[in-house]
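Data first, discussion second: the structure below is written as structure tokens.
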Amino acid sequence: MSKATWLTATVLLAILLATLPLSLREDPVASGSAAMASGDTQAALELWREAADRARPDVPPELLTNMALAALASGRWTDAEIAAERLVVADAALAPLREFLQANARYGRAKQAELRADLPEAEPFAYDLAIRLMQQAKSGWIRAHLGEGEWPAARRNAERAELASSQLELKKQKKLEEQKKKTERDPPPEKPEPEEPEPEKEEIELDAAVAELPVEDVRRLIERLAQKEREKRALRQAEREKRSGPAERDW
């Protein structure tokens, strides 16, 4: 029996168990099947999880598959991935089924990311996460198809995921173009240039004088300023010597 046929039989078995008399459904497995058949996927997951805990360490692969399906139907992607991973622990030959179920979880995550990226306030690059997850889903379904030898459902899902990835790229590009047009139509206000600090008063007077004088006059002005500075230093030195008086001598 192929993995695809076995997966279908597992789902049918879950529905069949829900029709059994109450006396035959007084265990978590049967109760979970009844909940799943009624559409209460959350309750089904919890009941099957309880049954799996009771069956440790040898949890039947059928039970793990049911848990993964209930988690997928409930949008609980992490629970689905964990249950699918445990399949390989129970039976290594079920690796393609694990890939198939985990690819479904990646697809669910991608659709959620797409909804967030569709929001008007979302940036165009928000689609990158959805695209990456969709590509992961496609890769998982391809591995499932190749691992099983021939799994038409997995192959079709991979083709759909590739198409969905292309559509997400188009959505991203469209939002980028809209953002560009909006920026061109409503450019952001220009930031005012920072004001330069006002120089000290003496510098203002000097700059104005220099700007209005010819080169030769500028040279003479600089020399005159230098001469005044030398005279100031000499005057200050003379005043210091005058205040200190003659130096004391030891001889």
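The values are calculated or read from the model by the stated rules, or taken from the named source; none is laboratory data. Because the structure is predicted, anything quoted here is derived from the model rather than measured. Note: ideal-geometry Cβ built from the backbone for every residue, glycine included; neighbour counts use all protein chains shown.
Can you find a residue that is within 21 Å of the chain's Cα centre (by Cα) and on the phi < 0 side of the Ramachandran plot anywhere in the range 145-161? For the range 145-161, residues within 21 Å of the chain's Cα centre (by Cα) and on the phi < 0 side of the Ramachandran plot: present.
Every residue in the range 119-137 that is over 21 Å from A158 (Cβ atoms), surrounded by 15 or more Cβ atoms within 10 Å (Cβ to Cβ) and touching a residue at least 24 places away in the same chain (Cβ under 8 Å), please. Of everything in the range 119-137, just one residue is over 21 Å from A158 (Cβ atoms), surrounded by 15 or more Cβ atoms within 10 Å (Cβ to Cβ) and touching a residue at least 24 places away in the same chain (Cβ under 8 Å), namely P124.
Scanning the range 68-91 for residues that are hydrophobic (A, V, I, L, M, F, W, C) and farther than 20 Å from W141 by Cβ turns up A70, V89, A90.
Only residues that are surrounded by fewer than 19 Cβ atoms within 10 Å (Cβ to Cβ) and either over 23 Å from Q112 (Cβ atoms) or hydroxyl-bearing (S, T, Y) (or both) were counted in the range 62-85, giving 3.
For the list (1) over 30 Å from P60 (Cβ atoms); (2) part of a helix (DSSP H, G or I), I need the number of the one condition that L119 fails. Of (1) over 30 Å from P60 (Cβ atoms); (2) part of a helix (DSSP H, G or I), only one is false for L119: (2).
Looking only at the range 97-118, decide whether some residue is at pLDDT below 95 and surrounded by fewer than 17 Cβ atoms within 10 Å (Cβ to Cβ). Taking every residue of the range 97-118 in turn, none turns out to be at pLDDT below 95 and surrounded by fewer than 17 Cβ atoms within 10 Å (Cβ to Cβ). Sub-8 Å Cβ pairs linking a first residue in the range 26-42 that is at negative phi to a second residue that is among the basic types (K, R) and in a helix (DSSP H, G or I), at least 6 apart or interchain, are P28/R54, ordered by first then second residue.
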